[in-house]
Structures are given as structure tokens and as C-alpha cells.
């Protein structure tokens, strides 16, 4: 089944982004982003493994303070149930040798465990002496990666995600270059890299975000950013540049030929507290920051094929009616998630248990899969349908329960 690229893009925008937006919009929490950023920048103390710290600097040359920040990141990532790695490295800077370490966590994909998507930022900062909050540069990017891990670690993903925080960026992209060189030499299959660097300063309040994507292979990330920006109602102004951002960590991956983009506040709105003790939380435009972080996180979720794990979703209120939702993503290849609701007692034939069937049919009306057939308590359920053995084409999901019946069209594109 062949579909022109423009039509495919429209289908993906109409079905995929809308369906994802229905499921995931609102998972990114502004209060969590703010809390992380206040803790990482010393605006408030934090507790790491039972001990209280105030992080006054994250400069790589200040090894002790940099490692406290690294331990904060490690502690946060571990609370999400992820496998966390410390990656130590040495580097030379102005003739002196220094030690540093990257921190990254891995969430293994269900369908393509060897294919990786990376969301990253550098956690080190400037100035090199004295108080260095580094709120915009680059506490914003770092905490957005932590929030991505908090949100997406609860979901199933088709692709493996690496949540990476680099050190030594201010000394010349040392940490990201170390990781990228090892990945390239070991032939890691990195599908794409989203790098965030300074996403919290918008002094003219025009919601303008620069996106750098020099490689043609990176355009699929930029296209997804655009569809998510519109589909989720984030409504940033995306200024796109077909050049590499040479002064940020995306360049380490660009240099090795990996698809990568850099998200950064636009040049004409450069933070006038850059690399100073005044780059603190109080000077962050938190509304703009939330938009940028949300854009990156929801884009990553869509690219990774994120889906709610099979089973009942947590919800504060029981559904008031039977509902069969549109599958997401749609079009899909080869897996998609189908969500349905069973009503509470007394609502639309509601009772304590409901006999529910959820089946998949092809275009000729032949049943190709049965995903549910039995009594279900009131609640909202999500099940995954894997069409790996089926041919391209149009399929239908059908939910029946009592007098209720609903059908949704699904498109399989391999």
C-alpha cells in the first residue's frame, strides 16, 4: 500500500498527534519542573540519599560540587525505576587534566531494544568560581530531561530511550563527545538525539524557540516537533535553522553522523545573565520553560511509540459511559494501543461487572484478533495490538458490551 509522503504526513498529524495529545497532554507538570530547577540551582535545599545539600555550583572544574549535582541527577533517575550509569572520563583543559562523569539512564524498548533515542542536556555550568546557579544554562535542559524520565518511564515504548546528562560541556563538549565516540566505535544504532540547551529565557515574551537540524536525516525530528507543537496546543514559534549548533552537545552527535537537533532560545533573546551568578531561578520565564520542556518530552514520547502499559489506568473517577477511543499511534507500525472505558454502576447499563469484547477486523470483515472477551469491572483499560504478522491496510477495532457497540478505523503502514 503506497501513500505519498505529503498524505502520510497529514495522516500522521491528524491521527497520531491528536490521539497522543488526548492520552498524554498534561502529564508534564509545571510544579515538578520548577521544583527540580530550584533544587538543582540552589534556590532551595534538596535531599539526596537521606542527606541535605544546597547545590551552589555545578562547574566541572569544581569536582566536589559537580559530583554532588551528578549524584542529585542519579538519585532522581533511580526513583523512576530506571537503570542508571555513571560514565567517568578524563579530559585536558588549558594544559591540565581533569576528571568528570556523565550520568545516563536507560529505558529498554519493547519492540526495538537495540534502536535508541536520546534526550539530553549538559548539567555543568558557569562561572567557574563562586556562586553559579546556572538556571537557564543549563538547569532548564537538565530538569527537562529529568521530567521526561519521570513521565515516560511509566509508559511502554517501542524504542529504547537514553536519558543523558553530560558534564564538561563548558570546556568544549567533553562529556557528550566521550559518549558519542564510544557509541560510534561500538556501532550503536542511535535513531535520533534531542538536545536541550537554555530553554528558559524569553525576555520579549514572543515564545520563540530555535531548532537546529543540519542533517537531512534529522528532519523527521523537526517535523515531529512541529506536529506536536500544533497538535498539543503548545504554540511556540519554531525558528528552524538548517545548520549545526556547534557550541552545544548535539554537535558531538552531528559530527558522527547521527540524526540530532538542538532546541535553544533564539539568539536575539540571549539571556543577559549568561554565565554569571545572576543566572538564577528567579530570572527564568517559567511559562516559556514549561512549553519548551513539554514540546521536547511529548515529541520524544511520540517518536518512541510510547503507550500506557496493558491494564487498567489509574483514574480518580470511574467512567460514566462505555467508550472506545481511537487507537494511538494511528497510522501505526506494527503496534498500537487501544483504550476503552467501562462505566460505573448505574451509568449507561453500568453494573459491577460488564461482559466486554474487543476484536479487530480486516477490511473484508474477517476477525484477525481478539483483545478482550470477558467480564470487566468499571474502569478504563488499555491493550496493545501488534500487527506484525498482518499486511498493510485498513483495519477496524470493535467494542461491544450489552447494548453498546462502537467501531474505530485503524491504518497499518509498514
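Can you figure out the FRET efficiency of residue 406 with residue 54, using R₀ = 41 Å and their beta-carbon distance, to the nearest 0.05?
0.15
Can you give me the angle between helix 286-303 and the longest principal axis of the chain, using Cα atoms only, in degrees from 0 to 90, rounded to the nearest 10?
Approximately 50 degrees, to the nearest 10.
Among 367, 278, what is the fewest-to-most ranking by other Cβ atoms within 10 Å?
367, 278
Which translational diffusion coefficient, to the nearest whole µm²/s, is obtained for the range 61-101 from the Stokes-Einstein equation, given a Kirkwood hydrodynamic radius over C-alpha pairs, 25 °C and 0.890 mPa s?
Stokes-Einstein gives a translational diffusion coefficient of 214 µm²/s.
With label points built 7 Å along Cα→Cβ from the Cα atoms of residue 414 and residue 97, find their separation and express it in nm.
Output for this residue pair reads 5.4 nm.
Among the DSSP beta bridges whose two residues both lie in the chain, what percent are antiparallel, rounded to the nearest 5?
Among the beta bridges of the chain, antiparallel pairing accounts for roughly 70 percent.
If I histogram all Cα-Cα distances within the range 219-273 using bins 5 Å wide from 0, what percent of pairs lands in each bin?
Reading the bins upward from 0: 4, 16, 24, 22, 18, 12, 3.
Can you work out D for the chain in µm² s⁻¹ from Stokes-Einstein, where Rh is the Kirkwood radius over C-alpha pairs, the temperature is 25 °C and the viscosity is 0.890 mPa s?
Reported coefficient: 109 µm²/s.
Label 7 Å along Cα→Cβ of residue 207; the range 233-274 residues with amide nitrogen under 20 Å?
233-241, 263-270
At q = 0.11, 0.16, 0.20, 0.21 Å⁻¹, what is the log10 ratio I(q)/I(0) for the range 105-243, with the Debye formula run over Cα points and no solvent?
Log10 of I(q)/I(0), two decimals: -0.46, -1.01, -1.50, -1.58.
Return the single residue from 342, 211, 162 with maximal mean-square fluctuation; model: Gaussian network over the chain, springs between Cα atoms under 10 Å.
Evaluated over the chain, the most mobile residue of the options is 342.
Can you check how the C-alpha radius of gyration of the range 20-132 compares to 2.2 N^0.38 Å, as a plain ratio?
The range 20-132 yields a ratio of 1.23.
Among 296, 177, 242, which one shows the highest mean-square fluctuation when the chain is modelled as a Gaussian network with alpha-carbon springs under 10 Å?
Greatest mean-square fluctuation among the candidates belongs to 242.
Measuring from label point to label point, each 7 Å out along Cα→Cβ, what is the residue 187 to residue 270 span in nm?
4.3
Build a GNM of the chain with springs between Cα atoms under 10 Å: which of 197, 208, 49 gets the top mean-square fluctuation?
Of the options given, 49 has the highest mean-square fluctuation.
Over the range 26-303, what is the mean sequence separation of C-alpha contacts under 8 Å (at least six apart), divided by residue count, expressed as relative contact order in percent?
21
Read the figures in this text as sums done on the coordinates, not as results from a lab. Note that the structure is a prediction, hence the values are computed from the model and not measured. Please note: Cβ atoms are built from the backbone with ideal geometry, for glycine as well, and neighbour counts cover all protein chains shown.
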